[in-house]
């Protein structure tokens, strides 16, 4: 039996969120919001407020520099922290506690971790209300229209970037939206530039990767695997290092963020570089000993790469794909790719 992986941000089916009328009831039951002390690092506006940020559900005006930010996306807190602001509330996705586990972020919280205000795309309205936020950010999230409508009745909410399916917006766009909402446009752009330059250095050092096909997958039960969209952060990470995606793979996955296939469709991932995200060494062994997998050229020629979600948390860094996690992932993954024949 395949061991379920502990961190599967793009693969796991998200919990159903509370219906809109239940969310509204939760808000109404909160009464006057408590006024806890403000966060340690309020946003320092570079430009004049108010600012307006466009997103999937319209446009949100932020009247003044936010000082009490709540993030509702898997990785939103990374960009917020990178811009010098500590969210007072954040989402817990898989029991990782966003302030305590990840190697690229653990030193950013200090002694003031955020209040956990929900799990995945299910939000605890009472906890949010008690934090008295002046900005809610939900960039890398699956926030639905009814959730946005309920939250935005009371607080400024910057939802997912428009023009993209949930969980498929480029990290650059999400960083820019967060930077604008915080009044830190120039700082956000500098962070993006630094990451772009890092990827450029990788491409320059490895021209042999240019145009080679890549696929990122995850074995999640016997006989089945997931293949991630070309627009998924994990795939984008490798594309930014010069790799490309085959037309057959792109067509098979379609517009989904992740598609499931039986082992009989291993042909889709018989590419130049195949990357598997695995939760345990046992999962890797179970896959590599499968007769169908052993027939693949990518397997026979040792062009496959197995990245753990934890210990070290490389797969998780790829899943986040933020201005904080990308440098960590590059430092870990590039030497592993160099070692692949």
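What follows is calculated from the coordinates using simple rules that are stated; it is not laboratory data. Computed from a predicted structure; not experimentally measured. Cβ: placed from backbone, ideal geometry, glycine included. Neighbour counts: every protein chain shown.
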Along each principal axis, Cα extent of segment 171-314, largest first, Å: 54, 33, 31
Theoretical gain in end-to-end length, residue 201 to residue 67 [0.36 nm per residue, Cα-Cα removed]: 44.6 nm
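How much length, in nm to one decimal, is gained on full extension between residue 111 and residue 282, taken as 0.36 nm per residue of separation minus their Cα-Cα distance? Mind dumping the intermediate values first?
Working: separation 171, 0.36 × 171 = 61.56 nm, distance 3.66 nm.
Gain on stretching residue 111 to residue 282: 57.9 nm.
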Spin-label model distance (nm) - residue 311 vs residue 265, 7 Å beyond Cα toward Cβ: 3.2 nm
Share antiparallel - DSSP beta bridges, segment 197-339, percent rounded to 5: 45 percent
Cα-based radius of gyration of segment 250-341 once divided by 2.2 N^0.38 Å, which approximates compact folds: 1.14
Full-stretch length increase - residue 152, residue 173 - with 0.36 nm per residue and alpha-carbon distance subtracted: 5.4 nm
Pair residue 54, residue 165: separation of 7 Å Cα→Cβ label points (nm): 2.3 nm
Distance between modelled label sites at residue 250 and residue 221, nm, 7 Å Cα→Cβ extension: 3.1 nm
Gyration tensor over alpha-carbon atoms, segment 49-152, equivalent ellipsoid semi-axes in Å: 21, 16, 13
